[in-house]
Structures are given as structure tokens and as C-alpha cells.
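So the structure is just underneath, and the comments pick up after that.
The values are calculated or read from the model by the stated rules, or taken from the named source; none is laboratory data. Predicted, not measured: the structure shown is a model, and the values here were computed from it. We place every Cβ from the backbone using ideal geometry, glycine too, and count neighbours over all the protein chains shown.
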Amino acid sequence: MKISVIITLKKDVLDPQGKVIHQTLDGMGFNDIDSVRQGKYFEIDTKENDPMKAKDRVEQMCKKLLANLVIENYKIIDAQ
Amino acid sequence: MKSSVITFPGSNCDRDMDVALKKFGFKNKMVWHNDSEIPKSDLIILPGGFSYGDYLRCGSMASKSKIMKSVINFANSGGMVMGICNGFQILVETGLVPGVLLRNKYLEFICKNVFVKINNKNNTYFKNIDNDVLKLHIAHNEGNYFCTNDQLKEIEDNEQVAIKYCNKDGVADEQFNPNGSIKNIAGIFNKEKNVLGMMPHPERMIDPYLSGEDGSIFFNNLINNLK
């Protein structure tokens, strides 16, 4: 079963990379952007076949390693 | 006094730290990250470098390595643990000290000498030190100290700020902040002050040929405080 996770920076955390990407896009003519925030995406292929259990395990992974909850939020997006 | 330096895959300041500790009288042992036991020590050092290639977040993988269980137990029972640079990043990832270290504000790797003001001398690391300001070296990409407002209040209330970036006269304002750290924070303690994480490298300032000797002042004072 494949589960995906998106990690994003919390609202109040400065994202200088996102800022530079925004400026670059702006310079390329994409000048209708309000802001860009950079994050991380994970695809986790697990042996667990029960979607609820798998999601629960991935949530533990997010809390213990994949995200640093001081600065990041995680979102588990789907189980296939 | 006995010390142990932990080497992770990608550590690169471990041997400099070994040289520094021995120069000032420590009997130092190098400990591999995959060991589970730490030799009897008065001080454990997590050295600088790029453990696990800075994958995921700097220090995140190293904070989960086998030896870290013993390091965390040692720290929780009052043992002295000091993390320098990547070692500081590992400490924040274990939660032994609060906050996180973000990418430097202007996205550049900073490698230069800086001045830091000692903010709290009421601890084993800085007690009895004559200087108020030390000239030390920094070399990092992720040294921008960040914490939540609640954490910052707690850190300040408990006097956990160890050192702050400043000028040679000890003025710690935004102008002398190299990386965007909140309140110019360059190093912090845990609540009990037995764990210290800091970005500057005292081990790089232990010889006049290495651009300065303020690291010698730090190590000499530290070993005397531990005796």
C-alpha cells in the first residue's frame, strides 16, 4: 500500500527559499503570485494492507522523524 | 577528566575536537555512532560536520542513531553534553535543547570569525571565565536559530541563552547577527544547563596559527570547572 505525505512549513516560519523562488518566477513574468512556500513530499510503500493501520503508522513516522513539529506541519494525503 | 567525542557518518570536526580536548588535558575517546555504550565520561561532545549528508533535516538522522539513546540517558541524568555546529543541530532534533536551526536567512554558507557575548556564566561551561566576549569561528548553512514565542519566553525566563552574536564590545544587535537567529542566539542550554548546543567552533581557536586562541580560554576554563 502506498501512502503519501506532504510536509509544509508552518505559517510563521521564514522560508527564504520559497521567497527566492517567488522572486525568480516574478522575474520570469509570472507576476500574479502572492507567495511561494517550499515543502517536502514523501511516498511510502508499506507492507501494511489495512488503510487505517497504515495511516496510523505513517502518522507516527511523521511525528518521530519526517517532520519537525516546531516548524513543520504534515498532511497524509492518500492510501492506495 | 574523561571525554568522549561521537563520530557519525559525515562528521568532520571530530578529530579537531579530539586534538583540542587532549591539548587542554582531557583523556579523550572517539566513539562510533553505531556503538551502544559510551565509555565513562565527564563530558560528551557531538562534533561538527554533515552527519548523514544533512539528509531530511540537518541532524535528524544522527539524532536517531544507536549511540544517541545512551547520550540522551547520560544528559537526562545530569551528564555534560556539548554539541557544536552539526552537534547543536543533532541536539535540537533530539529535543534535549529547545528550538530548531533553519537555513541561514540570506541562503549563504557562512564561514568567518565572529564575536559572541557570554550571556549566562551561572553554569559549568562558562563559570569563572574572565572574558565577556569571545572571538570564535562559524561555518554553517543552517545556523538560523528559531523557536516559537512560547519557547522563547521559557528559554529567556530560565536563562537558557548561553551565547549571542555581537561585536567586539559585546553589543548584540541585529547588525551583528550573521544568520538571522532569533535574538542573535548562537548557543543555548537545556533547563538544567548541563547540555549546551552552539554554532561556533571553539576547537578551531586553540592556537595562534589558527587565527585565535579564544577557544583555549573556553577549554581551559571548562576543564577547571569540571575538576
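Assorted remarks:
- In the set (1) farther than 21 Å from B:Ile182 by Cα; (2) of a type outside the set (Asp, Glu); (3) modelled with pLDDT under 95, A:Val70 fails one condition alone, (1).
- Test: B:Val97 is closer than 15 Å to B:Met199 by Cα and either more than 14 Å from chain A (Cβ to nearest Cβ) or of a type in the set (Lys, Arg) (or both): no
- One residue stands out in region A:32-50 among those that are farther than 30 Å from A:His22 by Cα and among the charged types (D, E, K, R): the one that is farthest from the other protein chains (Cβ to nearest Cβ), namely A:Asp50.
A quick yes/no check of all residues on (1) over 24 Å from B:Gly79 (Cβ atoms); (2) within 13 Å of another protein chain (Cβ to nearest Cβ); (3) part of a strand (DSSP E or B); (4) not β-branched (Val, Ile, Thr):
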site	(1), (2), (3), (4)
B:Asn128	no, no, no, yes
B:Lys164	yes, no, yes, yes
B:Asp169	yes, no, no, yes
B:Gln175	yes, no, no, yes
B:Lys191	no, no, no, yes
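- Selection within region A:58-74 - crowded, with 16+ Cβ neighbours inside 10 Å, in a helix (DSSP H, G or I) and either free of Cβ contacts under 8 Å to residues at least 24 places away in the same chain or away from chain B (no Cβ under 11 Å) (or both): A:Val58, A:Met61, A:Cys62
- Condition met for A:Lys53 (modelled with pLDDT under 95 and either part of a strand (DSSP E or B) or within 14 Å of another protein chain (Cβ to nearest Cβ) (or both)): no
- Region B:100-119, residues that are buried (at least 18 other Cβ atoms within 10 Å of the Cβ) and either more than 14 Å from chain A (Cβ to nearest Cβ) or under 21 Å from B:Ile206 (Cα atoms) (or both): B:Val114, B:Phe115, B:Val116, B:Lys117, B:Ile118, B:Asn119
- Selection within region B:59-91 - more than 14 Å from B:Met198 (Cα to Cα), in contact with a strand residue (DSSP E or B) (Cβ under 7 Å, 6 or more places away or on another chain) and within 14 Å of another protein chain (Cβ to nearest Cβ): none
- Test set (1) part of a helix (DSSP H, G or I); (2) within 14 Å of another protein chain (Cβ to nearest Cβ); (3) closer than 27 Å to B:Gln151 by Cα - A:Val13 fails condition number: (1)
- Residues of region B:159-218 that are among the small types (Gly, Ala, Ser) and at pLDDT 95 or above: B:Ala162, B:Gly170, B:Ala172, B:Gly180, B:Ser181, B:Ala186, B:Gly187, B:Gly197, B:Gly215, B:Ser216.
- Region B:11-50: number of residues that are out of contact with any strand residue (DSSP E or B) (no Cβ under 6 Å at 6 or more places or on another chain) and on the phi > 0 side of the Ramachandran plot: 1
- Matching residues, region B:5-52, being of a type in the set (D, E, K, R), in a loop (DSSP other than H, G, I, E, B) and free of Cβ contacts under 8 Å to residues at least 60 places away in the same chain: B:Asp35, B:Glu37, B:Lys40
- Checking each residue in region B:35-66 for being farther than 12 Å from B:Ile90 by Cα and under 18 Å from the mean Cα position of the chain (by Cα) picks out B:Ser41, B:Asp42, B:Leu43, B:Ile44.
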